[in-house]
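The values are calculated or read from the model by the stated rules, or taken from the named source; none is laboratory data. Just so you know, these numbers come straight off a predicted model, no measurement behind them. Methodologically, a virtual Cβ is constructed for each residue, glycine included, from the backbone with ideal geometry; neighbour enumeration extends over all protein chains shown.
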Amino acid sequence: MADAANDAATGRARVMAAMRRALGVTGDEPERRAAVAARLSGHARHLVPRRAAVSGAERLDLFRRMAEATQTTVAEVDTAADVPSAVADYLRTNNLPARIRRGADPVLATMPWHEVSALEVTEGPARADDLASLSHAFAAVAETGTLILTSGPDNPTTLNFLPDNHIVVVEASRVVGAYEDAWDRLRAAYGEAAMPRTVNMITGPSRTADIEQTIQLGAHGPRRLHVILVRNGGPSSATA
Amino acid sequence: MKTQKTTVALFVTCLVDLFRPSVGFAAIRLLEDAGCRVEVPDAQTCCGQPAYNSGDRADARELARQTIAAFEPYDWIVAPSGSCAGMLRKHYPLLFADDPAMRDRAEAVAARTWELVSFLVDVLGVERVPQTVNLHATYHDSCSGLRELGIREQPRRLLSTINGLKLTELADADVCCGFGGTFCVKYPDISNDMLEKKTAAIAATGADVLLAGDLGCLMNMAGKLKRQGSPVRAWHVAEVLAGMTDDPAIGEGT
Amino acid sequence: MKPTSHAFKQNAREALADPQLRRALGNVPTGFIQKRANARARLPEFDDLRDVARDIKNHTLAHLDLYYDAYEQRVTAAGGQVHWAETAADMRRIVLDICRAEGARVVTKGKSMIAEEVALNEHLEAAGLEVVETDLGEYIIQLRHEPPSHIIAPAIHLNKEQVEESFRARHAGLPEDRKLDDAPALVGEARQVLRQKFLSADVGITGANFLVAETGTSIIVTNEGNGDLTQTLPRVHIVLASIEKMVPTLEDVTTILRLLARSATGQEFSSYTTLSTGPRRAGDPDGPQAYHVVILDNGRTAMLGTEFHDMLRCIRCGACINHCPIYHAVGGHAYGWVYSGPMGAVLTPALIGIEEAGHLPNASTFCGRCEEVCPMRIPLPKMMRHWREREFERHLAPLSQRWGLGVWAAVARRPALYRAATAFAAAALRLVARGRGRVSWLPLAGGWTRHRDFPAPQDRTFMQLWRERSHG
């Protein structure tokens with residue numbers, strides 16, 4: 001639509017012109033352009049809280065404590081092979097049907113699901129009647145017990161929000177201290193300045209305080225968030 | 001042997017001048033007891049805050065000019081008010097941001113201006129006051145003193161050295177009493193809501209006496225307490241520190 | 001929404017007389033204030049981070065045009081589209097055009113103050129679209145046809161009985177005997193009803209807490225997950241963002257994010273912080289097929305580079321609102337538009353004019369609590385004072401006030417006259433007080449004596465007494 005495109009061009013031109021007029025610039029000034037280019041490509045870190053500067057067992061412990069403080073439950077297993085029975089246990093303990101929905105993530109797909117044959121595992125984005133979903137986190141941030149999940153066929157975004165119960169698997173080697181460490185890994189995986197459609201930073205289940213300022217879980221997203229921390233396996237800490 | 005007494009210029013403040021001179025005299029006593037010589041520059045009237053906060057920069061600048069001229073001969077300028085001292089310290093330089101010569105003079109005066117209790121404690125190093133009075137008091141933190149000048153511990157420290165004085169902390173001591181200069185007459189019903197929350201907190205302390213460092217706040221709170229028929233009496237903290245509580249409290253008759 | 005800010009005093013009077021509102025507002029100091037204080041205590045770097053955050057935004061604003069160039073390139077490279085709305089009408093038109101082109105019938109919305117600002121919902125509904133607010137608080141007030149009363153907790157003025165009443169009136173097919181007398185039941189009912197809307201929506205509209213230039217990303221911060229269901233399930237995702245939402249890099253936005261939830265609700269981090277970049281990629285099994293970002297000016301470029309420039313650092317956390325004693329007294333509706341409390345007092349006149357919104361920056365004691373808690377170190381009282389200066393220059397203040405202060409200043413500039421005038425006033429007021437020490441009613445001071453006594457002068461003036469003492 002030529003008119004719309006024309007309007008679009010004028011709208012942009014007018015707002016940009018107003019910005020430049022207000023700032024007293026033309027937009028061509030080399031120092032400004034250099035400053036912006038440098039900041040974007042350098043993406044330097046600012047002050048990172050000391051809290052995040054933990055490693056090893058201390059870091060995992062911090063992640064667990066911070067996550068549990070947001071009503072996330074955390075279970076620990078030794079290897080990826082232990083995950084299917086951990087999932088089955090979780091569903092049984094919470095009186096949920098033995099059905100789980102996951103994405104195509106190879107780490108999840110190659111787990112020994114046949115060992116829990118009573119558990120029905122289906123693959124794909126979430127459907128309206130799925131009660132429980134399983135995701136594999138890209139990373140986890142100990143600083144605030146936050147999970148980092150990336151969209152795509154491996155871990156469809158709808159699995160994070162539609163089902164009542166969300167189980168997230170994360171290897172210990174994917175647990176970082178500060179958010180900035182997660183961004184470094186993201187850039188290594190996707191490229192500089194590139195992002196998947198969605199990155200979800202998830203800290204606890206869904207909640208609201210909109211009714212008389214009392215916290216209720218399960219407003220629209222999951223009522224329950226359960227993390228299965230895998231002590232061994234996953235990428236070495238040097239790679240994503 | 002040369003005796004060098006620190007000379008301090010007292011900025012009386014318009015409210016103290018008109019409504020309660022005893023605060024000024026209490027300030028002088030405290031300063032003299034701490035070893036100062038006090039002068040009261042004659043050309044002072046008002047710091048200009050009412051004009052400033054009403055958006056009348058021109059009048060505020062004129063009053064600031066007058067105040068700066070009256071006080072700049074002195075090394076120390078002390079006011080028994082956090083809001084007036086804050087006006088000189090924080091806002092006078094801003095008033096002359098576009099006038100370098102005046103701004104320099106304003107900054108010089110600002111650097112030498114102190115609220116009274118902060119001056120006693122932070123500059124003169126006064127650690128106690130030799131008073132004895134049996135009082136159960138509570139203390140309200142006036143907003144400017146607290147947030148512009150960092151006055152919180154100093155009055156409490158000195159009050160704690162008075163024999164017989166029991167101090168109960170006021171819940172929400174740092175919440176505005178609703179005075180705000182012309183605010184209390186421009187928005188009286190909102191001011192009253194803030195004021196009623198304040199007097200309820202005062203009543204909850206069980207204290208007999210209300211203290212603060214700003215006469216505007218005190219007149220506001222005392223006026224409400226009297227209207228409510230409350231037995232709580234209000235003094236400026238300087239009066240209690242100087243042992244001058246024999247005379248009627250704020251809003252009380254002779 | 002049509003502003004009623006000019007009626008602030010009337011609005012305030014009604015608010016002060018509303019017992020249910022006063023009960024609801026009583027939760028604000030004990031809740032939000034304590035929670036923020038606790039969160040700050042748990043993070044030793046909190047105050048230093050505020051300085052860094054201020055510097056990040058100042059740098060961004062100084063280079064805003066260039067960051068938008070970079071941002072737009074990145075959004076386009078990711079398959080998204082950026083639109084520019086100079087005015088509120090432009091934004092309404094652009095959003096409706098996108099919805100029409102999509103053949104949309106049902107639109108779900110995450111919470112967006114910008115949408116309120118441009119009155120988007122009414123415009124879409126007038127064109128025949130069903131618009132559903134999905135943030136629980138926004139949903140409730142949508143049912144009640146009320147505006148939000150707080151930028152973070154829009155339904156904070158309501159109690160659960162009022163929510164139940166709204167659900168019963170508006171939820172078709174809700175059985176009469178269903179219990180809805182507690183918060184979990186109400187939340188459960190809303191979840192069920194809104195779930196259907198999420199799944200049937202053609203277009204999902206969200207706001208944006210931040211835009212990231214480095215990656216062409218929009219960020220929403222929620223606790224409910226409604227924003228995520230809004231932006232992931234429908235075919236089209238539209239992001240509404242005003243020009244000051246820009247931040248250069250992921251590291252920059254991370255610093256500010258460390259302050260946002262802590263300042264707003266006292267949480268370490270909200271449940272869902274979501275970074276969206278473009279539409280779904282090839283191979284993605286879910287996500288929107290189209291991604292549009294509509295950038296709004298609506299008066300903000302007119303603040304850039306002026307004495308109100310610092311207000312563009314605001315990240316809409318609501319901390320200033322939560323700490324304001326005027327807000328505690330009257331609540332958000334009294335401010336008469338979208339933005340309330342101290343940030344509303346500074347921003348509203350800039351967006352709808354000082355003639356309409358003049359009361360807002362005047363209804364402040366400058367106690368300074370807002371500036372004390374602002375994560376972006378915005379000098380809010382200073383900017384309210386600037387609005388008062390603008391009003392004074394334009395003679396907008398009431399004549400009596402201007403005249404009274406003018407007389408005061410004129411006398412105060414003449415010390416000799418001042419001495420005589422104050423000596424006279426002291427004597428006159430003491431006469432009126434007749435030894436009682438106070439006055440219950442004073443002409444010209446009705447505002448004072450309506451609610452409190454007026455302490456009379458103690459004696460003659462200090463300067464009279466001092467002169468006597470020095471010369472006596």
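Just one of the numbered conditions (1) touching a residue at least 12 places away in the same chain (Cβ under 8 Å); (2) facing chain A (nearest Cβ under 8 Å) is not true of C:L312: (2). Flag: C:R316 matches the condition of being of a type in the set (D, E, K, R), out of contact with any helix residue (DSSP H, G or I) (no Cβ under 6 Å at 6 or more places or on another chain) and at pLDDT 95 or above.
Looking only at residues in region A:25-49 that are at the interface with chain C (Cβ under 7 Å from one of its Cβ atoms) and among the small types (G, A, S), the one that is nearest to C:M303 (Cα to Cα) is A:G27. Does region C:148-160 include one or more residues that are at pLDDT 90 or above and touching a Gly at 6+ places or on another chain (Cβ under 8 Å)? Checked region C:148-160: no residue is at pLDDT 90 or above and touching a Gly at 6+ places or on another chain (Cβ under 8 Å). Out of the residues in region C:262-291 that are surrounded by fewer than 23 Cβ atoms within 10 Å (Cβ to Cβ) and among the aliphatic types (A, V, I, L, M), which is farthest from A:A140 (Cα to Cα)? Selected residue: C:A290.
If the condition is being more than 24 Å from A:R39 (Cα to Cα), at the interface with another protein chain (Cβ under 9 Å from one of its Cβ atoms) and under 21 Å from the mean Cα position of the chain (by Cα), then region C:31-63 contributes C:G31, C:F32. Screening C:R377 against (1) among the basic types (K, R); (2) in contact (Cβ under 8 Å) with a residue 40 or more places away in the chain; (3) farther than 22 Å from C:P342 by Cα leaves a single unmet condition, (3). May I ask you to say which residue of A:T110, A:T93, A:T72, A:T122 is farther than 30 Å from C:H63 by Cβ, among the β-branched types (V, I, T) and touching a Gly at 6+ places or on another chain (Cβ under 6 Å)? Step by step, each of A:T110, A:T93, A:T72, A:T122 is checked, and only A:T72 is farther than 30 Å from C:H63 by Cβ, among the β-branched types (V, I, T) and touching a Gly at 6+ places or on another chain (Cβ under 6 Å).
For region A:111-129, the set of residues classified as more than 12 Å from chain C (Cβ to nearest Cβ) and surrounded by 18 or more Cβ atoms within 10 Å (Cβ to Cβ) consists of A:M111, A:W113, A:V116, A:L119, A:V121, listed by residue number. Considering every residue within region C:360-378, establish whether at least one is more than 14 Å from chain B (Cβ to nearest Cβ), of a type in the set (A, V, I, L, M, F, W, C) and touching a Lys or Arg at 6+ places or on another chain (Cβ under 7 Å). Looking for residues that are more than 14 Å from chain B (Cβ to nearest Cβ), of a type in the set (A, V, I, L, M, F, W, C) and touching a Lys or Arg at 6+ places or on another chain (Cβ under 7 Å), one finds at least one in region C:360-378, hence yes. Scanning region C:62-80 for residues that are under 28 Å from A:G24 (Cα atoms) and not hydroxyl-bearing (S, T, Y) yields C:A62, C:H63, C:L64, C:D65, C:L66, C:D69, C:A70, C:E72, C:Q73, C:R74, C:V75.
Set side by side, the residues B:D208, B:D214, B:D189 differ, and just one is among the acidic types (D, E) and without any contact (Cβ under 8 Å) to a residue 12 or more places away in the chain, which is B:D189. Of the residues B:G150, B:G164, B:G145, the single one that is surrounded by fewer than 16 Cβ atoms within 10 Å (Cβ to Cβ), under 14 Å from the mean Cα position of the chain (by Cα) and not assigned by TED's automatic domain parsing to the domain that holds B:T45 is B:G150. Condition check for B:D141 on (1) over 25 Å from C:T449 (Cβ atoms); (2) touching a residue at least 40 places away in the same chain (Cβ under 8 Å); (3) away from chain C (no Cβ under 14 Å): one failure, at (3). Output yes when any residue across region C:424-438 is surrounded by fewer than 18 Cβ atoms within 10 Å (Cβ to Cβ), more than 7 Å from chain B (Cβ to nearest Cβ) and part of a loop (DSSP other than H, G, I, E, B), and no when none is. Checking region C:424-438: at least one residue is surrounded by fewer than 18 Cβ atoms within 10 Å (Cβ to Cβ), more than 7 Å from chain B (Cβ to nearest Cβ) and part of a loop (DSSP other than H, G, I, E, B). Among the residues of region B:44-74, those identified as farther than 15 Å from C:W408 by Cα and either assigned by TED's automatic domain parsing to the domain that holds B:C184 or under 21 Å from the mean Cα position of the chain (by Cα) (or both) are B:T67, B:I68, B:A70, B:F71, B:E72, B:Y74. If the condition is being over 21 Å from A:D210 (Cβ atoms), among the hydroxyl-bearing types (S, T, Y) and in a strand (DSSP E or B), then region C:212-243 contributes C:T217, C:S218, C:S242.
Please state which one of C:A357, C:A261, C:A290 is closer than 30 Å to A:M19 by Cα, aliphatic (A, V, I, L, M) and more than 14 Å from chain A (Cβ to nearest Cβ). Result: C:A357 is the single residue among C:A357, C:A261, C:A290 that is closer than 30 Å to A:M19 by Cα, aliphatic (A, V, I, L, M) and more than 14 Å from chain A (Cβ to nearest Cβ). Of all residues in region C:68-105, those being surrounded by fewer than 17 Cβ atoms within 10 Å (Cβ to Cβ), outside any loop (DSSP other than H, G, I, E, B), within 10 Å of another protein chain (Cβ to nearest Cβ) and touching a residue at least 24 places away in the same chain (Cβ under 8 Å) number 2. Taking the criterion of being touching a residue at least 12 places away in the same chain (Cβ under 8 Å) and part of a loop (DSSP other than H, G, I, E, B), the residues of region A:208-221 that qualify are A:G218, A:A219, A:H220, A:G221. Filtered by the rule that a residue be more than 11 Å from chain A (Cβ to nearest Cβ) and crowded, with 24+ Cβ neighbours inside 10 Å, region C:214-240 gives C:P234, C:I238, C:V239, C:L240.
Exactly one residue out of B:A234, B:A242, B:A203 is surrounded by fewer than 21 Cβ atoms within 10 Å (Cβ to Cβ) and either at pLDDT below 95 or of a type in the set (A, V, I, L, M) (or both): that is B:A203.
Starting from residues that are over 22 Å from C:D51 (Cβ atoms) and within 22 Å of the chain's Cα centre (by Cα), keep the ones in region A:33-56 and report whichever is surrounded by the most Cβ atoms within 10 Å (Cβ to Cβ). Per the criteria, the residue is A:V54. Residues that are more than 24 Å from A:A178 (Cα to Cα) and acidic (D, E) were ranked within region A:130-166; the one that is farthest from the other protein chains (Cβ to nearest Cβ) is A:D130. Residues that are more than 8 Å from every other protein chain (Cβ to nearest Cβ) number at least 2 in the following helices (runs of 4 or more DSSP H) confined to region B:146-251: B:153-159, B:188-205, B:215-227, B:237-241. Of the helices (runs of 4 or more DSSP H) that lie entirely inside region C:320-371, those containing 3 or more residues that are under 12 Å from the mean Cα position of the chain (by Cα) and either among the charged types (D, E, K, R) or within 27 Å of B:G150 (Cβ to Cβ) (or both) span C:341-352.
Number of residues in region A:188-229 that are facing chain C (nearest Cβ under 7 Å), touching a helix residue (DSSP H, G or I) at 6+ places or on another chain (Cβ under 6 Å) and of a type outside the set (A, V, I, L, M) equals 9.
Looking only at region B:20-75, residues that are facing chain C (nearest Cβ under 7 Å), within 18 Å of C:T461 (Cα to Cα) and assigned to a helix (DSSP H, G or I) come to 3 in all.
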